[in-house]
Amino acid sequence: MRRIYLDYAATTPTHPEVVKAILPYLTDSFGNPSSIYSYGQEAKGAIEEARAKVADLIGARSEEIVFTSGGTEADNFALKGITFANESKGNHIITSSIEHHAIAETCKFLERRGFSITYLPVDEYGLVDPDDVKKAITGKTILISVMHANNEIGTIEPIAEIGKIAKEAGIYFHSDAVQTVGHIPVDVNELEMNLLSISAHKLYGPKGVGALYIRKGTKLASFMHGGEQERRRRASTENVPGIVGFGKAVELAQQEMNKEAERLTSLRDRLIKGILERIDHTRLNGHPIKRLPNNVNVSIDFVEGESMCLNLDLEGICVSTGSACSSPSLEPSHVLLAIGLPHEQAHGSLRLTVGKWTTDEDIERVLEVLPRIAAKLRAMSPLLKSYR
Ligand code: PLP
């Protein structure tokens with residue numbers, strides 16, 4: 001059975017060109033970039049080349065990019081780094097109620113250590129209101145962190161407006177752009193950004209590598225202590241193969257992004273239309289237009305997302321229920337609750353995210369299989385019986 005992968009927001013397959021670029025750095029060019037002899041300098045050169053590519057993609061300067069072990073570390077670095085370095089100025093952070101756990105759990109950690117956090121509500125589409133950001137600012141606010149696009153429902157936040165508000169108030173602004181960089185245009189200057197998180201495995205690069213953009217002049221405490229790597233901002237011998245792969249993935253994304261976004265948007269819209277037409281009692285979660293090109297999130301009434309996910313898997317179709325990180329938990333997604341879904345609808349949600357290797361035939365097959373599965377599960381559903 002041919003498997004259909006529709007969970008590109010959880011992770012993407014590593015691009016074959018990326019694998020090709022990585023291999024020499026696992027074998028012949030294995031040097032430690034801190035070594036002064038040729039092996040080391042070869043590795044160092046490769047890292048700097050990748051850094052320039054990442055910087056170029058988001059309109060930054062090379063020296064403003066710090067490589068990390070992924071999006072989670074970049075988010076932790078931004079939040080802890082800013083709060084620890086700016087404690088004397090204040091202890092208040094503003095964020096949204098639909099952030100990824102990498103931000104939400106870091107905020108909880110900071111709350112336990114005496115920081116005060118405002119979690120802004122979102123509307124029915126998952127949008128933060130920039131006016132709410134303005135109103136939440138106090139004399140003690142040192143950081144605003146709002147994600148660029150939500151990983152579960154795909155809603156793209158008005159971060160240019162929020163960035164402007166932050167800049168006018170003289171407050172640092174961070175955005176978790178893990179779901180957008182490499183997929184839609186991101187320019188740290190247009191968006192008035194001080195800090196921005198990126199992850200390579202969401203854009204056809206390897207896992208375990210990412211970056212934090214840190215605007216020049218930003219006062220940030222280091223998070224990893226040890227050697228002098230990354231201009232003393234992040235100690236530890238660099239993940240050379242990972243960074244090289246990240247650079248290659250970014251180079252490919254830059255070449256293909258606009259055309260690919262158009263293609264994915266058309267697949268996405270076919271999928272949304274097909275599901276809503278072929279299965280009654282369904283709703284689209286997230287904004288209909290301000291939405292990632294690859295994201296479909298639907299609630300199908302009277303069925304459990306997990307049951308649909310497992311039944312689809314038996315047919316070779318891989319989708320997720322909410323974010324991959326939260327799927328082992330039985331609690332409904334905090335994002336779906338924040339947009340106002342009742343528990344039953346939140347539990348009946350599915351996220352299908354398309355990507356580079358998704359075809360028209362894949363969409364057709366899902367639209368043939370999913371209604372059948374939903375009907376089968378509904379026939380056994382106590383929820384439907386009590387509705388009737
Ligand atoms: N932020 C968002 C919005 C994400 O979607 C993810 C991954 O699911 C992360 C952060 C974490 O990134 P990583 O897996 O590279 O740690």
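The values are calculated or read from the model by the stated rules, or taken from the named source; none is laboratory data. The structure presented is a predicted model; accordingly, all values stated were derived computationally and were not measured. All Cβ positions, even for glycine, are placed from backbone atoms using ideal geometry, and neighbour counts span all protein chains on display. Just so you know, the surface numbers come from the protein's heavy atoms only, side chains and all, with ligands and any DNA or RNA stripped out. Shrake-Rupley method; radii C 1.70, N 1.55, O 1.52, S 1.80 Å.
In region 201-224, how many residues are within 15 Å of the ligand (Cβ to nearest atom) and charged (D, E, K, R)?
Counting residues in region 201-224 that are within 15 Å of the ligand (Cβ to nearest atom) and charged (D, E, K, R) gives 2.
Of 14, 27, which residue is open to solvent by 30 Å² or more (accessible area, probe 1.4 Å), assigned to a loop (DSSP other than H, G, I, E, B) and either at pLDDT below 95 or within 16 Å of the ligand (Cβ to nearest atom) (or both)?
On the way: 27 fails: either at pLDDT below 95 or within 16 Å of the ligand (Cβ to nearest atom) (or both).
Only one candidate qualifies: 14.
Yes or no: residue 3 charged (D, E, K, R), crowded, with 20+ Cβ neighbours inside 10 Å and away from the ligand (no atom under 16 Å from the Cβ)? Write out each step before concluding.
On the way: charged (D, E, K, R): yes; crowded, with 20+ Cβ neighbours inside 10 Å: no; away from the ligand (no atom under 16 Å from the Cβ): yes.
Spelling it out, it is not the case that residue 3 is charged (D, E, K, R), crowded, with 20+ Cβ neighbours inside 10 Å and away from the ligand (no atom under 16 Å from the Cβ).
Looking at (1) surrounded by fewer than 22 Cβ atoms within 10 Å (Cβ to Cβ); (2) within 16 Å of the ligand (Cβ to nearest atom), can you tell me which one residue 232 breaks?
(2)
Here are some conditions: (1) in a loop (DSSP other than H, G, I, E, B); (2) at negative phi. Residue 164 meets all but one. Which one does it not meet?
So the condition that residue 164 fails would be (1).
Quick grid of which residues meet (1) in contact with a Leu (Cβ under 7 Å, 6 or more places away or on another chain); (2) under 29 Å from residue 240 (Cβ atoms); (3) not basic (Lys, Arg):
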{"residue": "15", "(1), (2), (3)": "yes, yes, yes"}
{"residue": "59", "(1), (2), (3)": "no, yes, yes"}
{"residue": "63", "(1), (2), (3)": "no, yes, yes"}
{"residue": "66", "(1), (2), (3)": "yes, yes, yes"}
{"residue": "76", "(1), (2), (3)": "no, yes, yes"}
{"residue": "85", "(1), (2), (3)": "yes, yes, yes"}
{"residue": "97", "(1), (2), (3)": "yes, no, yes"}
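Take residue 172 and tell me if it is more than 18 Å from the chain's Cα centre (by Cα) and closer than 15 Å to residue 78 by Cα.
On the way: more than 18 Å from the chain's Cα centre (by Cα): yes; closer than 15 Å to residue 78 by Cα: yes.
So residue 172 passes the test.
Restricting the search to region 65-80, which residues are more than 12 Å from the ligand (Cβ to nearest atom) and of a type in the set (D, E, K, R)?
Residue satisfying the conditions is 80 alone.
Per-residue answers, yes or no, for (1) among the charged types (D, E, K, R); (2) more than 16 Å from the ligand (Cβ to nearest atom):
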{"position": "34", "(1), (2)": "no, yes"}
{"position": "44", "(1), (2)": "yes, yes"}
{"position": "56", "(1), (2)": "yes, yes"}
{"position": "60", "(1), (2)": "no, yes"}
{"position": "63", "(1), (2)": "yes, yes"}
{"position": "102", "(1), (2)": "no, no"}
{"position": "111", "(1), (2)": "yes, yes"}
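Since residue 311 meets every condition but one in (1) modelled with pLDDT under 95; (2) not in a loop (DSSP other than H, G, I, E, B), which condition does it not meet?
Of the numbered conditions (1) modelled with pLDDT under 95; (2) not in a loop (DSSP other than H, G, I, E, B), the odd one out for residue 311 is (1).
If you scan region 138-161, which residues turn out to be within 16 Å of the ligand (Cβ to nearest atom), open to solvent by 10 Å² or more (accessible area, probe 1.4 Å) and part of a strand (DSSP E or B)?
Across region 138-161, the qualifying residue is only 156.
Would you please name the residue that is surrounded by the fewest Cβ atoms within 10 Å (Cβ to Cβ), looking only at residues in region 205-217 that are touching a helix residue (DSSP H, G or I) at 6+ places or on another chain (Cβ under 8 Å) and in a loop (DSSP other than H, G, I, E, B)?
Step one: of region 205-217, the residues touching a helix residue (DSSP H, G or I) at 6+ places or on another chain (Cβ under 8 Å) are 205-216.
In the following step, the residues that additionally are in a loop (DSSP other than H, G, I, E, B) were identified as 205-209, 215-216.
Numbers: 205: 31, 206: 22, 207: 16, 208: 17, 209: 28, 215: 18, 216: 9.
Restricting to residues being touching a helix residue (DSSP H, G or I) at 6+ places or on another chain (Cβ under 8 Å) and in a loop (DSSP other than H, G, I, E, B), the top hit is 216.
Could we say that residue 268 is in contact with a Lys or Arg (Cβ under 9 Å, 6 or more places away or on another chain), basic (Lys, Arg) and not in a loop (DSSP other than H, G, I, E, B) here? Give the derivation first.
Values: in contact with a Lys or Arg (Cβ under 9 Å, 6 or more places away or on another chain): yes; basic (Lys, Arg): yes; not in a loop (DSSP other than H, G, I, E, B): yes.
Yes: the conditions hold for residue 268.
Which numbered condition in (1) open to solvent by less than 40 Å² (accessible area, probe 1.4 Å); (2) farther than 17 Å from residue 170 by Cβ; (3) not hydrophobic (A, V, I, L, M, F, W, C) is the only one that residue 92 fails?
(2)
Of all the strands (runs of 3 or more DSSP E) wholly in region 30-137, which have at least 2 residues that are over 19 Å from the mean Cα position of the chain (by Cα) and modelled with pLDDT of 95 or more? Reasoning before the result, please.
Values: elements: 65-68, 92-96, 116-120.
Per the criteria, 92-96, 116-120.
Restricting to region 285-311, and then to whatever is more than 19 Å from the chain's Cα centre (by Cα) and open to solvent by less than 10 Å² (accessible area, probe 1.4 Å), can you tell me which residue is nearest to residue 379 (Cα to Cα)?
For region 285-311, the residue satisfying everything is 303.
Under 7 Å between Cβ atoms, at least 6 apart or on separate chains: pull out the pairs that start in region 197-216 with a residue that is over 21 Å from residue 356 (Cα atoms) and end on any residue that is β-branched (Val, Ile, Thr) and in a strand (DSSP E or B).
Cβ pairs passing all conditions: 211/65; 211/66; 211/68; 211/198; 212/66; 212/68; 213/65; 214/66.
Looking only at region 113-127, count how many residues are on the phi > 0 side of the Ramachandran plot and either within 11 Å of the ligand (Cβ to nearest atom) or open to solvent by 10 Å² or more (accessible area, probe 1.4 Å) (or both).
Of region 113-127, the ones on the phi > 0 side of the Ramachandran plot are 114, 126.
Now restrict to residues that are either within 11 Å of the ligand (Cβ to nearest atom) or open to solvent by 10 Å² or more (accessible area, probe 1.4 Å) (or both): 114.
Qualifying residue count, region 113-127: 1.
Could you pull out the residue among 198, 243, 184 that is within 16 Å of the ligand (Cβ to nearest atom), in a loop (DSSP other than H, G, I, E, B) and crowded, with 16+ Cβ neighbours inside 10 Å? Outline the logic, then answer.
Working: 198 fails: in a loop (DSSP other than H, G, I, E, B); 243 fails: in a loop (DSSP other than H, G, I, E, B).
From the options 198, 243, 184, the qualifying one is 184.
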